[in-house]
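Taking it in order: structure first as structure tokens, then the write-up.
The values are calculated or read from the model by the stated rules, or taken from the named source; none is laboratory data. Only a predicted model underlies this, so the values are computations on that prediction, with no experimental measurement involved. Note that each Cβ is placed from the backbone with ideal geometry, even for glycine, and that neighbours are counted across all protein chains shown. In case anyone asks, the SASA skips ligands and DNA or RNA and just uses the protein heavy atoms, side chains included. Shrake-Rupley method; radii C 1.70, N 1.55, O 1.52, S 1.80 Å.
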Amino acid sequence: MIIHVISLFPGMVTGPLSESMGRIAQDKGLLELKPVDLRAFCPGRHAVADDAPYGGGGGMVMKAEPVLAAIRSCKQSSPSARVVYLSPAGRRLDHASVLALSKLDSLVLLCGHYEGVDQRALDLAVDEEISIGDYVLTGGETAAVVLVDAVMRQIPGVLGDPQSAVQDSFFGGLLDFPHYTRPETVEGLKVPEVLLSGDHRKIAQWRRRQALRVTRERRPDLLEDAGLTVEDRRFLGDKEGKQR
Ligand code: ADE
């Protein structure tokens with residue numbers, strides 16, 4: 001997958017993604033990250049990227065022409081790329097949209113700064129606006145890192161063990177079950193017995209039930225669309241019965 005990242009501070013995106021999984025994905029040739037310095041598309045000796053907003057008010061607005069030129073230069077090498085503007089006003093990123101994005105072969109991520117980008121650049125050249133949550137970041141770069149991180153781990157071959165993505169929180173619509181590793185006892189706390197039993201059917205059932213329990217405690221809204229089985233519902237029903 002080729003991901004172009006247009007930014008005034010492209011190092012804010014390439015830096016974090018040059019470590020850990022981002023490094024591995026790039027070394028394996030499964031992710032090609034192409035930083036695009038927006039400044040290179042800004043006119044004049046001072047390469048001005050922003051200007052005061054029409055209508056007054058505080059802050060600065062990123063100029064349309066450099067943004068359009070940068071997007072179009074990415075499109076020259078990746079004509080079918082989907083163009084995404086990271087913005088708190090966008091559709092909120094979730095597991096389903098991460099999966100959909102991971103199936104594309106190229107993306108252009110536009111990172112804004114200041115008060116935002118001239119609306120005409122968005123109207124002319126952006127396919128979609130995406131937010132990573134209901135809060136405002138200083139710029140779109142950190143949001144782009146989050147998006148690329150979530151998307152790249154869904155690309156087949158990026159994770160060493162394909163089971164990791166399958167077992168993740170949200171896969172199957174539930175939060176993840178708790179994990180344990182050696183030693184068996186930590187400051188008096190023991191590993192749940194069933195995980196030492198070697199009985200894989202029982203272990204799978206315990207994990208499923210823990211995922212159900214954690215999801216009901218923390219994100220009961222997810223249960224509706226999680227495709228629960230009769231067995232799942234019976235478990236949740238039984239637990240409700242016990243609590244009452
Ligand atoms: N830019 C600033 N805040 C953002 C957010 N929450 N999501 C995506 N891009 C942003």
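Listing for the model above:
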quantity	calculated
Checking Ala144 against (1) out of contact with any strand residue (DSSP E or B) (no Cβ under 6 Å at 6 or more places or on another chain); (2) touching a residue at least 12 places away in the same chain (Cβ under 8 Å), the condition it does not meet	(1)
Where Arg153 falls short, out of the listed (1) at pLDDT 95 or above; (2) surrounded by fewer than 21 Cβ atoms within 10 Å (Cβ to Cβ); (3) within 16 Å of the ligand (Cβ to nearest atom)	(3)
3 or more residues of a type in the set (A, V, I, L, M) and touching a strand residue (DSSP E or B) at 6+ places or on another chain (Cβ under 7 Å): qualifying strands (runs of 3 or more DSSP E) within the range 1-99	2-7, 82-92
Subset of the range 117-138 [open to solvent by 10 Å² or more (accessible area, probe 1.4 Å) and either within 11 Å of the ligand (Cβ to nearest atom) or among the hydroxyl-bearing types (Ser, Thr, Tyr) (or both)]	Val117, Glu129, Ile132, Asp134, Tyr135, Val136, Leu137, Thr138
Matching residues in the range 167-182 - criterion: being under 16 Å from the mean Cα position of the chain (by Cα) and open to solvent by 50 Å² or more (accessible area, probe 1.4 Å)	Phe170, Phe171
Unmet requirement for Glu129, which otherwise passes all of (1) under 27 Å from Gly22 (Cα atoms); (2) touching a Cys at 6+ places or on another chain (Cβ under 7 Å); (3) without any contact (Cβ under 8 Å) to a residue 60 or more places away in the chain	(2)
Total residues in the range 29-73, condition of a type in the set (Phe, Trp, Tyr) and surrounded by fewer than 13 Cβ atoms within 10 Å (Cβ to Cβ)	1
Residue that is open to solvent by 80 Å² or more (accessible area, probe 1.4 Å) and not polar (S, T, N, Q), where the choices are Met12, Met1, Met21	Met12
Index of the failed condition, Ala143 passing every other in (1) more than 10 Å from the ligand (Cβ to nearest atom); (2) part of a helix (DSSP H, G or I)	(1)
Check on Asp161, within 14 Å of the ligand (Cβ to nearest atom), within 29 Å of Leu228 (Cβ to Cβ) and open to solvent by 30 Å² or more (accessible area, probe 1.4 Å)	no
Of residues in the range 183-196 being among the aliphatic types (A, V, I, L, M) and surrounded by 12 or more Cβ atoms within 10 Å (Cβ to Cβ), the one nearest to Ala96 (Cα to Cα)	Leu195
Of all residues making up the range 146-166, the number that are part of a loop (DSSP other than H, G, I, E, B) and under 14 Å from the mean Cα position of the chain (by Cα)	3
Subset of the range 197-241 [among the acidic types (Asp, Glu) and either open to solvent by less than 30 Å² (accessible area, probe 1.4 Å) or touching a Cys at 6+ places or on another chain (Cβ under 7 Å) (or both)]	Asp232
